[in-house]
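Participant: Below are the structure tokens for one structure; questions will follow.
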Amino acid sequence: MDKRATEKRVIEVLKTIFDPEIPVDIYELGLIYEVNVQDDAHIHIKMTLTSPSCPVAETLPVEVEQKVAGIEGVAGAKVEITFEPTWTQDMMSEEAKLDLGFL
């Protein structure tokens, strides 16, 4: 398994998942802190939410796990939610800031 190619495919899938409150995908939004492709083809994703009271706190991590686990060659996916560091708008990509009119 090519870990780099797998990580790239994971990121492509993450870019298809959108935060319901902000019309930007979760990767460009800066919610993904870490993508770890393990030797056994399991993917560990460390991510955050825009706030602890995010309305999709229950469903978004499950959606991420399901979509990433569905990638060919991936054995499974686990999402770890963290609020350290706390998400801020500074974590958004330039593209996301541009899309939302922050630049």
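The values are calculated or read from the model by the stated rules, or taken from the named source; none is laboratory data. Source: prediction; values computed, not measured. So basically every Cβ, Gly included, is an ideal-geometry build from the backbone, and we count neighbours across all protein chains shown.
Participant: Could you give me the residue pairs with C-beta distances under 8 Å whose first residue belongs to the stretch 11-30 and is at pLDDT below 95, whose second residue is in a strand (DSSP E or B) wherever it lies, and which are 6+ apart or on separate chains?
Facilitator: F18/D25; D19/D25; V24/F18
Participant: Let me ask something additional. Just to be sure, is A57 over 14 Å from the mean Cα position of the chain (by Cα) and among the hydrophobic types (A, V, I, L, M, F, W, C)?
Facilitator: Here the answer is no, as A57 does not meet what is asked.
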